[in-house]
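**Student:** The structure's right below; bear with me while I get my questions together.
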């Protein structure tokens with residue numbers, strides 16, 4: 001978080017269209033299906049397609065890539081798009097509140113180098129200020145389709161925002177208008193392959209490769225098909241069209257610029273990616289920014305990919321990362337179309353996670369969006385992000401699990417005084433389960449109820465915690481699906497939430513305020529089972545039993561197996577750390593020792609925590625611009641080893657010599 005002309009050949013036509021018996025279908029077309037029930041969401045798509053002359057399959061596939069057919073209760077996306085068709089309004093984006101970057105946290109996360117309390121030249125922003133740096137005369141990417149849709153349909157903009165049927169009509173009208181402007185064939189029975197240009201334009205991209213990447217993903221969805229129940233309870237289906245090949249030559253008629261792909265940009269082929277470097281500069285008095293040079297993975301293995309959200313617009317994000325006195329991250333991802341900008345090479349260390357040990361071993365991805373503004377992340381950005389993460393995981397040999405693909409909210413504080421100020425993005429509305437489906441690493445049951453571990457995985461549509469403070473402190477947030485389950489001190493819905501001593505040293509329970517993450521666990525995170533009573537399951541969490549509702553009829557977790565860490569016999573409790581630094585004897589002469597300082601938590605005898613990794617103790621020394629300080633640009637390694645555990649909402653570390661590692665089923669509750 002900061003604080004995103006070749007001749008047309010005949011292809012396959014409409015799949016889910018409701019066509020008359022006399023309709024002439026292109027060769028190879030899928031047969032018409034029975035008419036969907038009147039008043040159903042499927043019928044609303046069919047009616048809009050018929051009214052505006054758009055193939056049903058094209059309309060459904062575009063909508064799926066924007067919203068997965070969800071309504072999101074009329075709330076906008078992180079790029080200001082409304083409804084199933086993501087009709088956009090740039091004026092809304094510019095009015096969004098932007099929290100102050102950093103919350104006072106040192107994003108470098110290294111107490112060996114003094115942190116600046118406020119970045120030189122960075123904007124002074126508070127929670128009440130607005131992200132208004134974008135010029136009102138310069139349209140943002142994907143902006144202002146809502147008013148055009150209103151003009152085309154005759155519906156009021158307010159209706160298009162909140163009425164799903166009207167919104168779908170608006171999207172169909174836009175697609176039809178784009179197709180007419182391009183001179184393409186129109187009509188509900190027209191060849192879907194010939195709609196590639198209109199689909200590409202729908203993303204609102206400012207460059208040809210981004211528009212093409214969006215359109216290619218739409219046509220991938222069209223080829224593979226999809227079916228799901230929307231967030232408001234409607235079954236919608238798009239039959240697969242496996243033989244459909246889009247006519248990509250229609251993209252040329254959009255006249256979008258085609259910037260060359262930069263040499264060496266570290267992105268997978270098939271997605272749009274540009275190089276916008278974060279500057280590495282000196283300011284005087286030994287100060288420099290906004291990242292550190294290294295030679296990873298040869299110098300140090302990359303263990304983590306950290307998922308952030310920007311808490312600002314795409315323009316703001318790019319402006320800040322190009323400020324040498326600010327902080328940095330490796331990639332930014334744009335909400336409207338999933339376009340990517342890379343800023344720091346994978347070999348170098350960006351300043352993004354607030355923990356130097358994690359930074360030195362991580363790659364940071366900033367997603368345009370807001371964790372608590374009542375907005376939602378677009379499917380286009382989810383998909384591009386997943387492609388990038390798969391590429392990076394393969395390149396750097398990073399496992400695709402939640403021990404290694406983590407949110408900024410999972411990064412521990414380096415010292416006791418840092419814990420409370422750590423960030424909590426991408427927040428409880430990031431859909432981790434869907435994201436890992438896109439990563440092709442879905443959460444699954446790998447054991448029965450006695451396996452000893454649970455992997456959190458609630459149903460996003462029905463799991464709607466009553467958070468407060470999304471817009472105004474104390475005011476309930478809109479009812480929205482969440483990937484987080486709420487943890488209580490006893491197996492009852494009215495029991496107090498558990499306590500996070502770092503957030504509330506007086507022992508009082510945590511709250512349901514949106515940023516108060518000390519009593520929640522997120523999808524994909526794995527915990528050791530502490531107890532079970534009826535529909536409730538307890539996990540070991542921050543040194544205590546934490547209960548969550550997990551009924552067999554609607555489970556909110558998967559049963560799994562693995563290793564657990566527990567204190568060695570004879571140890572009443574052991575310390576827990578926020579970084580895995582070496583012992584003092586490992587440091588060469590002239591290099592200040594980084595203290596191995598426990599956090600305020602302890603792990604008591606009898607408690608068990610899921611193991612994510614066994615790691616060497618390492619400290620990457622980088623305190624000067626040119627590496628001139630003793631020991632700079634080297635990795636200091638000690639004899640100590642650490643075990644990464646899922647201790648609370650955040651990962652933490654324990655000394656390998658303090659714990660026994662056991663199979664999770666050994667001694668698990670029955």
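**Student:** Inside the stretch 77-112, can you point out the residues that are at pLDDT 85 or above, closer than 30 Å to residue 170 by Cβ and part of a loop (DSSP other than H, G, I, E, B)?
**Tutor:** 78, 79, 80, 83, 84, 85, 86, 89
**Student:** Also: Among (1) part of a loop (DSSP other than H, G, I, E, B); (2) within 28 Å of the chain's Cα centre (by Cα), which single condition is residue 184 missing?
**Tutor:** (2)
**Student:** Does the stretch 617-639 hold any residues that are surrounded by fewer than 18 Cβ atoms within 10 Å (Cβ to Cβ) and in contact with a helix residue (DSSP H, G or I) (Cβ under 8 Å, 6 or more places away or on another chain), and which are they?
**Tutor:** Once the filter is applied, which keeps residues that are surrounded by fewer than 18 Cβ atoms within 10 Å (Cβ to Cβ) and in contact with a helix residue (DSSP H, G or I) (Cβ under 8 Å, 6 or more places away or on another chain), the stretch 617-639 yields 637, 639.
Each row is one residue, and each column tells you yes or no for (1) under 20 Å from residue 268 (Cβ atoms); (2) part of a loop (DSSP other than H, G, I, E, B); (3) touching a strand residue (DSSP E or B) at 6+ places or on another chain (Cβ under 7 Å); (4) outside the structural domain of residue 302 (by TED's automatic domain parsing).
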position	(1), (2), (3), (4)
319	no, no, no, no
324	no, yes, yes, no
329	yes, yes, yes, no
337	yes, yes, no, no
344	yes, yes, yes, no
358	no, no, yes, no
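**Student:** Something else about it: Identify the residue in the stretch 360-382 that is part of a strand (DSSP E or B) and modelled with pLDDT of 95 or more and, among all such residues, is nearest to residue 87 (Cα to Cα).
**Tutor:** Per the criteria, the residue is 367.
**Student:** Restrict the check to the stretch 54-69 and report whether at least one residue is touching a strand residue (DSSP E or B) at 6+ places or on another chain (Cβ under 9 Å) and not in a helix (DSSP H, G or I).
**Tutor:** Within the stretch 54-69 (the criterion being touching a strand residue (DSSP E or B) at 6+ places or on another chain (Cβ under 9 Å) and not in a helix (DSSP H, G or I)), the answer is yes, since at least one residue qualifies.
**Student:** So residue 600 clears everything in (1) buried (at least 21 other Cβ atoms within 10 Å of the Cβ); (2) within 25 Å of residue 420 (Cα to Cα) except one condition, right? Which one?
**Tutor:** The failed condition is (1).
**Student:** Can you confirm whether residue 223 is modelled with pLDDT of 95 or more and part of a helix (DSSP H, G or I)?
**Tutor:** Yes, satisfied.
**Student:** Go through the stretch 607-616 and count every residue that is under 18 Å from residue 567 (Cβ atoms) and surrounded by fewer than 24 Cβ atoms within 10 Å (Cβ to Cβ).
**Tutor:** Adding up the residues that qualify gives 3.
Residue-wise test of (1) at pLDDT below 95; (2) outside any loop (DSSP other than H, G, I, E, B); (3) in contact with a strand residue (DSSP E or B) (Cβ under 9 Å, 6 or more places away or on another chain).
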position: 211; (1), (2), (3): no, yes, no
position: 219; (1), (2), (3): no, yes, no
position: 227; (1), (2), (3): no, yes, yes
position: 236; (1), (2), (3): no, yes, yes
position: 241; (1), (2), (3): no, no, no
position: 250; (1), (2), (3): no, yes, no
position: 265; (1), (2), (3): no, no, yes
position: 270; (1), (2), (3): yes, no, no
position: 274; (1), (2), (3): no, yes, yes
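**Student:** Would you mention how many residues in the stretch 408-461 are in contact with a helix residue (DSSP H, G or I) (Cβ under 7 Å, 6 or more places away or on another chain) and in a helix (DSSP H, G or I)?
**Tutor:** Residues meeting the conditions: 3.
**Student:** Where in the stretch 500-582 are there strands (runs of 3 or more DSSP E), lying wholly inside it, with at least 2 residues that are under 14 Å from residue 456 (Cβ atoms) and modelled with pLDDT of 95 or more?
**Tutor:** 520-522, 526-533, 536-541, 544-549, 557-560
**Student:** I need the full set of residues from the stretch 267-292 which are over 10 Å from residue 324 (Cβ atoms), crowded, with 21+ Cβ neighbours inside 10 Å and in contact with a helix residue (DSSP H, G or I) (Cβ under 6 Å, 6 or more places away or on another chain), in order please.
**Tutor:** Of everything in the stretch 267-292, those that are over 10 Å from residue 324 (Cβ atoms), crowded, with 21+ Cβ neighbours inside 10 Å and in contact with a helix residue (DSSP H, G or I) (Cβ under 6 Å, 6 or more places away or on another chain) turn out to be 271, 272.
**Student:** Please enumerate the residues belonging to the stretch 117-170 that are more than 21 Å from residue 375 (Cβ to Cβ), modelled with pLDDT of 50 or more and assigned to a loop (DSSP other than H, G, I, E, B).
**Tutor:** Passing the criteria: 154, 155, 156.
**Student:** What tally of residues in the stretch 409-431 results from selecting those that are under 15 Å from the mean Cα position of the chain (by Cα) and crowded, with 24+ Cβ neighbours inside 10 Å?
**Tutor:** Counting residues in the stretch 409-431 that are under 15 Å from the mean Cα position of the chain (by Cα) and crowded, with 24+ Cβ neighbours inside 10 Å gives 10.
The values are calculated or read from the model by the stated rules, or taken from the named source; none is laboratory data. In this text, all values refer to a predicted model and were calculated from it rather than measured experimentally. Cβ: placed from backbone, ideal geometry, glycine included. Neighbour counts: every protein chain shown.
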